[in-house]
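Here is the structure we will look at, set down as structure tokens.
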Amino acid sequence: MTGSGDSDISLRSHEPLKPVWSKLDALFEELLRHRGFGKIEIDVKWLKRGQKEVILSCGKQYRFIVPVEEIEPPATAEGKGARQT
């Protein structure tokens, strides 16, 4: 996917996303070590109040609520970091 996620800012370093990345890394490693078939699904949807719900599915579902305003890059006067359309 492309779009507003193409910025040079890594989302791995944002504090609200650390539990999501940690669980995704653990699930991916578990699937690689597994001797059979495995599948990971990631669903993201908007919630009210500027939040997104991230659901990782891999046998079980793991649900995370992420505040969007904390992961959006701030816009500056020059437009640097602003979302491109």
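Here, each number is a calculation from the coordinates, and none is a lab measurement. No experiment lies behind these values; they were computed from the predicted model shown. Because the Cβ atoms are built from the backbone with ideal geometry, glycine has one as well, and the counts that use them run over all protein chains shown.
From zero up to wherever the largest Cα-Cα distance of the stretch 12-70 sits, split into 10 Å bins and tell me the percent of pairs in each.
Cα pair-distance distribution for the stretch 12-70, in percent: 22, 49, 23, 6, 0.
Pairs of lysines 8 or more apart, or on different chains, with alpha carbons under 20 Å: count those in the stretch 12-70, would you?
10
For His34, His14, what ranking results if the residue with the fewest other Cβ atoms within 10 Å of its Cβ goes first?
Lowest count first: His34, His14.
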